[in-house]
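Note sheet for the following structure.
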Amino acid sequence: MRARMGILLLPALLAGLAACGNEAPQQVAQQETPARTEVKVAQSDLGPILVDQTGRTLYAFTKDENKSSSCDADCIAVWPALTTQSTVDAKDGADMALVSRVDESSQAVYGKWPLYYYVGDQVAGDLNGQGVDDEWFAIAPDGKLVKKN
């Protein structure tokens, strides 16, 4: 008898699960589109450097090559990538010709450098990541690394 009940309940269970599955796309469609990401130039103690739309310093990793990130999971924990699901805009002195994304992924690139934040920077204008391990540097508007401290 239990076997028959299980067989009879199986179609109802599957129909219920299918109905639940149909709700997810509607929820996704209702989510707001993320704000556009901006890369812009700001004046700092290092001279003009790249920052995001909130003024947070953007860094490059000298081990990255050809617009490709070499930062592994442990690295990303300290140096989070600037990512976006939309396009990246160049504003306030940044060169739009230098803006792209890593291999069509979500990480923003400026010139040949994938862009990162430093977790030690707490507010706009902080430069605590500058020169760390002689591998992390702020980026100038021309796409070159700012190697002074």
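Values quoted throughout were computed directly from the atomic coordinates according to the rules given, and no laboratory measurement underlies them. Just so we're clear, the structure is a prediction, and the values are computed from it rather than from any experiment. In this analysis, Cβ positions are derived from the backbone assuming ideal geometry, glycine residues included, and neighbour counts consider all displayed protein chains.
With the dipole of the stretch 68-135 worked out from charges on the C-beta (+1 for Lys and Arg, -1 for Asp and Glu) around the Cα centre, which of Trp113, Ala90, Ser69 lies farthest toward the positive end?
Looking along the dipole axis, the top candidate is Ala90.
First select every other residue whose beta carbon is under 10 angstrom from the beta carbon of Thr57; then total the charges, Lys and Arg +1, Asp and Glu -1.
-2
Taking the Cα centre of the stretch 64-149 as origin, work out the dipole magnitude from +1 charges on Lys and Arg Cβ and -1 charges on Asp and Glu Cβ, in debye rounded to 20.
Around 260 debye, computed over the stretch 64-149.
Can you work out the FRET efficiency for the pair Ala77 and Asn149, with r the C-beta to C-beta distance and R0 = 30 Å, to the nearest 0.05?
0.80
For the pair Asn128 and Asp89, what calculated FRET efficiency results from E = 1/(1 + (r/R0)^6), where r is the Cβ-Cβ distance and R0 = 30 Å, to the nearest 0.05?
Step by step, r from the Cβ atoms, then E = 0.70.
Mind checking the alpha-carbon convex hull of the stretch 83-149 and giving the volume per residue in Å³?
Measuring per residue, one finds 110 Å³ for the Cα hull of the stretch 83-149.
Across the stretch 107-117, in residue order, what do the Karplus-derived ³J(HN,Hα) couplings come to in whole Hz, using 6.51 cos²θ - 1.76 cosθ + 1.60 with θ = phi - 60° and x for Gly and Pro?
7, 6, 10, 10, x, 9, 9, x, 9, 9, 9
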